1. Would you say Ala27 is in a helix (DSSP H, G or I), at pLDDT 90 or above and under 19 Å from Trp146 (Cα atoms)?
2. Out of segment 111-127, which residues are among the aliphatic types (A, V, I, L, M), within 15 Å of His70 (Cβ to Cβ) and in contact with an Asp or Glu (Cβ under 8 Å, 6 or more places away or on another chain)?
3. Could you please give the count of residues in segment 126-140 that are closer than 15 Å to Val151 by Cα and surrounded by fewer than 15 Cβ atoms within 10 Å (Cβ to Cβ)?
4. Determine which member of the set Arg85, Arg90, Arg101 is modelled with pLDDT under 90 and either hydroxyl-bearing (Ser, Thr, Tyr) or assigned to a helix (DSSP H, G or I) (or both).
5. Do we have Arg110 as basic (Lys, Arg), closer than 19 Å to Ala55 by Cβ and part of a helix (DSSP H, G or I) here?
6. When you check Arg120 against the structure, is it more than 12 Å from Val25 (Cβ to Cβ) and surrounded by fewer than 15 Cβ atoms within 10 Å (Cβ to Cβ), yes or no?
Amino acid sequence: MAQAKIANAPEGAHVWARQGVMRRVDAEYHALDRAVRALSRRGLDRPVPGFGKGARGSREHWTYKDALAHILFWKQWQMETIAGRPHEVRPTGRTVHQENRWIYEQWHKRPARDVLAWHRRLHREVMGTLRAVGPQVFATKHRDQWPHDLVRHSEAHRQRQLEAR
């Protein structure tokens, strides 16, 4: 992957080029989109064994749609962080399980078509954000797993939940 020197970066610092980050984000989006399409809208309403077990009630069954909404929420959070924008209002001072529970409560009763529309709209917004932010955003990101929620977190849930059906 091409690396570039950024002005005002510490001596010897190299960063993952914007284009490399955008390629990884775009590749993960397309892999996630293929997994979602393979499920179909009806399949999105089926329960995912074990998903959300730390946050869900004992009689609840979180669905593939819930898994997708979880991925998307954290992608949006990452995008807003990169852009330096305020995050969607959510409870603060909570555990990860409590935050994931909050995401579930926001999206569980919404129809699959709303989550699918969010999936596609969010990708356009993410790519626009990555194109628009200044090079300083990339200056301190030396790891190939950055940006985590746009690539690695999505990939992990896609492989463990959406593709492992």
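The values are calculated or read from the model by the stated rules, or taken from the named source; none is laboratory data. Since this is a predicted model, take the numbers as computed values, not measurements. Because the Cβ atoms are built from the backbone with ideal geometry, glycine has one as well, and the counts that use them run over all protein chains shown.
1. When the stated conditions are applied, Ala27 passes them.
2. The one that is among the aliphatic types (A, V, I, L, M), within 15 Å of His70 (Cβ to Cβ) and in contact with an Asp or Glu (Cβ under 8 Å, 6 or more places away or on another chain): Ala112.
3. Residues that pass the stated criteria total 0.
4. Result: Arg101 is the single residue among Arg85, Arg90, Arg101 that is modelled with pLDDT under 90 and either hydroxyl-bearing (Ser, Thr, Tyr) or assigned to a helix (DSSP H, G or I) (or both).
5. Spelling it out, it is not the case that Arg110 is basic (Lys, Arg), closer than 19 Å to Ala55 by Cβ and part of a helix (DSSP H, G or I).
6. yes
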